[in-house]
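Worksheet for the structure shown next.
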Amino acid sequence: MNEQEKKQLFSREYSELFDFVYRYVRYRLPQKEEAEDLVSEVFLQAYHKLSEFDPIKGGLRQWMTGIAKNKLLMHWRRRVVKVDLDSVGEITNEDDKQALAFLDSKLLVEKLLSHVSDDMKALLAFRYVDGLTFDEIAQVIGKEGTAVRQCFSRLHKKLQEIYEEIYA
């Protein structure tokens, strides 16, 4: 595929790619403006590096996801998050209690996911964050839909075993 064909493919799939990349980034960034800025950076970088895109290695969506993932990693590395742990013990109102319950759930998920490879985390994000079907995930990663279903079946079983080990 020559440079012109790559640009035409990029133009044809732009709106679908934009929606996909925006959802991917927006879920991972709390501020809408940050997500919009990062998505712009992803598309600018993708367009400037379009000559490096190799359709034999995977689809445009998969390639764009890789760029978005790298941009997100760089974004979070530049950021320092501060939490005042002294105030956690002083939670009294219902909204704060719900927030704490959410935080507990999030910490449990992070603990479970710490036992899972990055590839499996990406598959989980495709399915449960981006809302892709098994067949859509298969298309993104270049596998058969049945293989993706089987992978998820094994992954769910592994996560259940880890959960039982932690809370048994």
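Subtracting the Cα-Cα distance of Met1 and Ser51 from 0.36 nm times their residue separation leaves 17.0 nm of extension gain. Taking packing as the residue-averaged number of other Cβ atoms within 10 angstrom, the listed peptides 110-122, 11-23 run from highest to lowest as 11-23, 110-122. Projected label points at Asp118 and Asp104, each 7 Å from Cα along the beta carbon direction, are separated by 3.3 nanometres. Sorting the Cα pairs of the stretch 1-81 by distance into bins of 5 Å, from 0 upward, gives 3, 15, 27, 24, 15, 9, 5, 2, 0 percent per bin. Working ranking of peptides 2-10, 131-139 by packing, defined as the average number of other Cβ atoms within 10 Å per residue, highest first, is 131-139, 2-10. May I ask for the distance between the Cα centers of the stretch 114-164 and the stretch 37-60, given as a whole number of Å? Here the answer is 24 Å between Cα centres. Spatially close Lys pairs in the stretch 1-81, defined by Cα atoms under 15 Å apart and a spacing of eight or more places or different chains, total 4.
Pair-distance distribution P(r) for the stretch 104-168, from all Cα-Cα distances in 10 Å bins starting at 0: 21, 51, 24, 5 percent. With the largest listed first and rounded to whole Å, the semi-axes of the equivalent ellipsoid of the chain from the Cα gyration tensor are 34, 23, 12.
Readers should treat all values here as calculations from the given coordinates under stated rules, not as data from a laboratory. Source: prediction; values computed, not measured. For neighbour counting, all protein chains shown are included, and Cβ atoms are generated from backbone atoms with ideal geometry for every residue, glycine included.
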